[in-house]
Protein chains: 2
Amino acid sequence: MKIGILGYGNLGRGVECAVKENPDTELVAVFTRRDPSTVKIQTPNVPVVNVANVKDWVGKIDVMILCGGSATDLPTQTPEYAAMFNVIDSFDTHAKIPEHFAAVDKDAKASGHVAIISVGWDPGLFSLARVYANAILPDGNDYTFWGRGVSQGHSDAIRRVKGVKNAKQYTVPIDSALDAVRSGQNPELTTRQKHLRECYVVLEDGADAAEVEQAIKTMPNYFADYDTVVNFISEEELLTKHAGLAHGGFVIRSGKTGQSKEHNHIIEFNLKLDSNPEFTTAVLVAYARAAYRLNKEGNNGCKTVFDIAPAYLSAQSGEELRAHLL
Amino acid sequence: MKIGILGYGNLGRGVECAVKENPDTELVAVFTRRDPSTVKIQTPNVPVVNVANVKDWVGKIDVMILCGGSATDLPTQTPEYAAMFNVIDSFDTHAKIPEHFAAVDKDAKASGHVAIISVGWDPGLFSLARVYANAILPDGNDYTFWGRGVSQGHSDAIRRVKGVKNAKQYTVPIDSALDAVRSGQNPELTTRQKHLRECYVVLEDGADAAEVEQAIKTMPNYFADYDTVVNFISEEELLTKHAGLAHGGFVIRSGKTGQSKEHNHIIEFNLKLDSNPEFTTAVLVAYARAAYRLNKEGNNGCKTVFDIAPAYLSAQSGEELRAHLL
């Protein structure tokens, strides 16, 4: 299976690692909007190509993995590249998924390619956990907790505060809330009860720490509804101690069965990830295998993780899976 | 979707509950080997029918859910009924799954029906967790822990010991082993390090407790490789305090990514179930929906949970799933 990478940032580098782990996959080219001579990749003898020349690669790539961002790249890239290749993306703007699906489906169907969108862990594996658990326990409650991990959106919001030079924000799930959910109490939890927001902030010279802290803690949508802890640190400490890309989270469904609903059940899926981009791209490459196989079987159009039978993700045959993993 | 139940024990009663939770399903008949007049079911106006007359129901049942045991019932029942109906079973003899698959596939294909075998939580949801996690993290280790819950096989083994009147055996996962796995240490764990065996035993009059305890603890395969705790109790206490059907377990994959394998990731799926049979049958009914839909689309033959796209399990449409659960 010949893999192309479009965009060589954290995700692109992650795909490159994941391809090495999967002997049935081979990286054939990396595409970039930058001057290719400035982009150094890890894999020997694989060309870095300017996106302007991507059309030359039609027919030479089985699956193109799109490693751009959801805000501005993927809404245009995924339909555009689905017209030329089977594609995978990690589009994660939950509210705009239906619109993105429709746009990608149109171009993928017209060109006869398979496109799988919103692949990763949330959306992605967390979505799968929700669908399986909801289908099995129709009478129940869903709980999703994120973290401990850096939220890019919240970090950016802090950086926009006057007097802030740099910042990182960790989303932290609150143990007592997790325990209450796992005990089967089916609690109703407020935003404040589920997550804590932990901020590490570098001040501009002369900035007033108390004012900055107040501005962060009262910021609507991002912080006002949460308990927020603000720690002021040096830029050196921020860059050395808070450069990690760890993340994770928990999806739990708690639901009832029985003639009198006397039995409660907890279905939990959780992730603890040292590197969010490397794990996300490991998921992308597994779904690339599915896109390739589905297309070879004559399928086309836009799909999500909900539409893909698990066996398509595995390098093992049906016989091997039944014998060893069932 | 018209559901038939074959066999009215713990599983049959569980299916009956699950059908009530799913408005798109309807119980149309319960089939039994017993005299139907002696079988009282919970659902009003649904006939209980002797299995001898099951052929009269061909064409009137969309999916027959087979609620027999894996040892002697399902190996013959599933192929036999797949010749007449779409069927679901919970065949759980892991080592014999390939053979069972082949037998069922032949009859299901010949008759044009869909049969989904080995549905439940292990095999079933635990198998899914293993396949997804292995496809995503090819370089890693799988860990499965069961319990805390009663093992029927181990309880039966104790009852065969001379001097034992009755017994229940709980399989208990050991917290320190779970913690070691979750920490990303990728430990090699012995049988003894993973599970404790906790036994509640009622002695026959005049039996020697020390001899019975020794016989249990040294029993090969069942107990010799484990730390085993034997508690002697009265029959009354056994029947009142150890009649529950709670169970559960944990499937964890710990795997590495990165250019130098410097990042570890933990994927965990766990269940905490108040009623093993009611949860198992909730899974069976979700897969009955999938069997029905797949057959309506023209599919036939034997399938496992690996072959079924998650969307087929849900009563919601693709649009609804993408909008609300992705």
- Message: Out of the chymotrypsin sites (Phe, Trp or Tyr not before Pro) in segment B:65-104, which ones are loop residues according to DSSP with at most 16 other C-beta atoms within 10 Å?
- Response: none
- Message: Taking a point 7 Å out from Cα toward Cβ as the label site, list the nm distances between A:Ser234 and the same residue in every other copy, smallest first.
- Response: 7.2
- Query: Which whole number gives the average count of other chain Cβ atoms within 10 Å of the Cβ atoms across peptide B:78-85?
  - Reply: 0
- Task: Go ahead and collect, in residue order, the members of segment B:226-262 whose backbone nitrogen is under 18 Å from a label point 7 Å along the Cα-Cβ direction of B:Thr191.
- Result: B:226-230
- Query: Gap in Å between the Cα centre of segment B:182-253 and the Cα centre of segment A:79-118?
  - Reply: 53 Å
- Taking chain B as a Gaussian network, where each spring joins two C-alpha atoms under 10 Å apart, which residue of B:Ala286, B:Ala133, B:Ala207 fluctuates the most? B:Ala207
- Message: Pick from B:Thr78, B:Thr43, B:Thr304 the residue whose mean-square fluctuation is largest in a GNM of chain B, springs joining Cα atoms under 10 Å.
- Response: B:Thr43
- Task: With a 1.4 Å probe on protein heavy atoms only, work out how much accessible surface B and A bury together, total over both chains, in Å² to the nearest 100.
- Result: 5900 Å²
- Message: Please compute the modelled spin-label separation between A:Asn45 and B:Lys217, points set 7 Å along Cα→Cβ, answer in nm with one decimal.
- Response: 6.2 nm
- Relative contact order for chain A: what is it in percent, counting Cα pairs under 8 Å that are at least 6 residues apart? 21 percent
- Note on the structure: Taking placed amide H atoms and a strict 5 Å upper bound, the residues 5 or more places from B:Leu27 or on another chain that come that close are B:Ile3
- Check A:Phe232: other-chain or 5+ apart residues with amide H under 5 Å from its amide H, H built from backbone geometry? A:Val201
- Using amide H atoms built 1.01 Å from N in the peptide plane, name the residues 5+ places from A:Val164, or on other chains, whose amide H lies under 5 Å from its own. A:Glu204
- Calculated label separations, A:Glu262, copies of the chain, 7 Å along the beta-carbon direction, nm: 5.7
- Query: How big is segment B:173-326 in terms of Cα radius of gyration and Dmax, in angstroms?
  - Reply: 22.5, 68
- Kindly identify residues of segment B:113-137 having a loss of at least 40 Å² in accessible area between the isolated chain and the assembly of all protein chains, probe radius 1.4 Å. B:Val131, B:Tyr132, B:Ala135, B:Ile136
- Across B:300-306, the residue-averaged tally of Cβ atoms belonging to other chains within 10 Å stands at 4
- Note on the structure: Taking the chain alone as reference and the full protein assembly as comparison, with a 1.4 Å probe on protein heavy atoms only, the residues of segment A:94-109 that lose at least 10 Å² of accessible area are A:His94, A:Ile97, A:Pro98, A:Phe101
- Message: Using a 1.4 Å probe on the protein heavy atoms only, what accessible surface does B:Trp121 show? Give it in Å² to the nearest 10.
- Response: 20 Å²
- Query: What is the gain in length, in nm to one decimal, between B:Gln259 and B:Arg160 on full extension, counting 0.36 nm per residue of separation less the C-alpha to C-alpha distance?
  - Reply: 30.1 nm
- Item | Inter-copy spacing of B:Glu211 label points, which lie 7 Å from Cα along Cα→Cβ, given in nm from shortest upward | 8.9
- Task: Take the solvent-accessible surface of the protein heavy atoms, probe 1.4 Å, and return the percent of it on segment A:120-203 that carbon and sulfur atoms account for.
- Result: 46 percent
- Query: With chain A treated as a Gaussian network of Cα nodes joined by springs under 10 Å, which of A:Leu27, A:Leu128, A:Leu137 yields the largest mean-square fluctuation?
  - Reply: A:Leu137
- Query: Where a ≥ b ≥ c are the square roots of the eigenvalues of the C-alpha gyration tensor, would you call segment A:91-213 rounded, which needs a/c under 1.5, or, failing that, prolate if a/b is larger than b/c, or oblate?
  - Reply: oblate
- Output ordering of B:186-194, A:9-17 (per-residue mean of other Cβ within 10 Å, highest first) is A:9-17, B:186-194
- Under the span-like rule (Cα at least 15 Å along the axis, Kyte-Doolittle mean at least 0.5), DSSP H helices of chain B: B:125-136
- Note on the structure: With a ≥ b ≥ c from the Cα gyration tensor eigenvalues, square-rooted, and the rule rounded for a/c under 1.5, otherwise prolate when a/b > b/c and oblate otherwise, segment B:214-289 is oblate
- Message: I'd like the carbon and sulfur percentage of the solvent accessible area for segment A:205-251, probe radius 1.4 Å, heavy atoms only, ligands and nucleic acids excluded.
- Response: 49 percent
- Spatially close lysines, pair count over segment B:169-326: Cα under 30 Å, gap of eight or more or interchain: 10
- Note on the structure: With a ≥ b ≥ c from the Cα gyration tensor eigenvalues, square-rooted, and the rule rounded for a/c under 1.5, otherwise prolate when a/b > b/c and oblate otherwise, chain A is oblate
- Can you tell me the accessible area per residue over chain B, all protein chains present, probe 1.4 angstrom, in square angstrom? 41 Å²
- Threshold 10 Å², segment B:1-30 residues less accessible with all protein chains present than alone (1.4 Å probe): B:Cys17, B:Lys20, B:Glu21, B:Asn22
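The values are calculated or read from the model by the stated rules, or taken from the named source; none is laboratory data. Keep in mind that what you see is a predicted model, and the values were worked out from it rather than measured. Neighbour counts are summed over all protein chains in view; Cβ atoms, including those assigned to glycine, are modelled from backbone coordinates with ideal geometry. Surface areas here come from the heavy atoms of the whole protein model, side chains and all, with no ligands, DNA or RNA. Shrake-Rupley method; radii C 1.70, N 1.55, O 1.52, S 1.80 Å.
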